[in-house]
Amino acid sequence: MKFQKSKPKSSSQFSSHSRGGPRGKPGAGGPRPSNSTSRSVPRSAPKVNTHVPQGPLYPREWRAVVGDHAIAEALRLHSSWVECLWLKQGFESSRDLKQLHNDYKNKIPKIEIKPDAFLDRLAHSHQGAALFLNQAPELDWAALASKKTSRVVVLDGIEDPHNLGAILRTSWLLKVDAILIPQDRAVHLTPTVHKVACGGAEHVPVEICHNFANTLEDLKKMGYWIFGLGHEGKGTLFDVKVPEKIAWCVGAEDKGLRVTTERLCDEIVRIPQADAASSYNASVAAAMALIETFRQQEILISKK
């Protein structure tokens, strides 16, 4: 099923102040005014260095979270993972940012004030703050194998961060146990993904798989059925009987599932639509599959 796309410098170098006085001998401060021998030359006002480096802005092993809801959820659940908080210059004029600063100024290891240009490099809609954490939720494969009822999402080449973010948010609300994504040709946990997910990234582990074939075979051994979304499916989403343990495969926005992934699926399922020439957005298709899965599985659980 095809889907539509909906060397770094230390912080002190970016907040330097002018040391005052015209150039001259070190410490001399330049000549005094001719009409006074007692007054010193006043220092110039502090300036913020707005130069933005072109290299990485933060260590690769960190993850950057932007967006009010995403930051709040990360602080609520994983405050011990926090390394640093960036606030935009002039944050005092924002009630929410000022409250964030006051609440966590003694709890976060480092808070730095940055020009908007720094935050703009992370995400265009950063809302004036960026939180950096040194960990992300990890998938417990043993716990996954032991579950009696479970939902997993396999994203086969999703490249739009808005799609991954939306799928994460839906997965959180519908109790998905894991999201699996490939190492290459796929978006990972970017700042934009975190913002769109609105905290979902703190609840649902995202596992990067180096070999999809091995991963899907492992899921089958754990008792999972692999269902793929595709136009060529014989049964529709509302005809299929959802198993207790299921992994939904959602293809790339432009090409759908790869042939190699389709072959690993136990069944290909299509979503009804009025116009066969078009297609659903990837995150919308995933949401429909998950809500029907949630509905059927919750009915099964309630009958037991």
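The values are calculated or read from the model by the stated rules, or taken from the named source; none is laboratory data. Everything numeric in this text was worked out from a predicted model, so none of it was measured. Using ideal geometry, Cβ is built from the backbone for each residue, glycine included, and neighbour counts are taken over all protein chains shown.
Tally time: how many residues in the stretch 262-304 are modelled with pLDDT of 85 or more and within 20 Å of L164 (Cα to Cα)? Give the derivation first.
Residues of the stretch 262-304 that are modelled with pLDDT of 85 or more, as a first pass: 262-274, 280-298.
Then keep just the ones that are within 20 Å of L164 (Cα to Cα); that gives 271, 280-294.
Total meeting the criteria: 16.
Highlighted here are the strands (runs of 3 or more DSSP E) found entirely within the stretch 94-185 that include at least 3 residues which are under 30 Å from I268 (Cβ atoms): 150-156, 178-182.
Please tell me if K175 is touching a Lys or Arg at 6+ places or on another chain (Cβ under 7 Å) and at pLDDT below 95. Reasoning before the result, please.
Values: touching a Lys or Arg at 6+ places or on another chain (Cβ under 7 Å): yes; at pLDDT below 95: no.
Against the criterion (touching a Lys or Arg at 6+ places or on another chain (Cβ under 7 Å) and at pLDDT below 95), K175 does not qualify.
For the stretch 203-214, the count of residues that are buried (at least 18 other Cβ atoms within 10 Å of the Cβ) and touching a Lys or Arg at 6+ places or on another chain (Cβ under 8 Å) is zero.
So which of I226, I268 is part of a strand (DSSP E or B), in contact with a Cys (Cβ under 6 Å, 6 or more places away or on another chain), under 16 Å from V154 (Cβ atoms) and not assigned by TED's automatic domain parsing to the domain that holds G67? Result: I226 is the single residue among I226, I268 that is part of a strand (DSSP E or B), in contact with a Cys (Cβ under 6 Å, 6 or more places away or on another chain), under 16 Å from V154 (Cβ atoms) and not assigned by TED's automatic domain parsing to the domain that holds G67.
Taking the options L155, L174, L100, L168, name whichever one is buried (at least 17 other Cβ atoms within 10 Å of the Cβ) and not assigned by TED's automatic domain parsing to the domain that holds A286.
Working: L155 fails: not assigned by TED's automatic domain parsing to the domain that holds A286; L174 fails: not assigned by TED's automatic domain parsing to the domain that holds A286; L168 fails: not assigned by TED's automatic domain parsing to the domain that holds A286.
It is L100.
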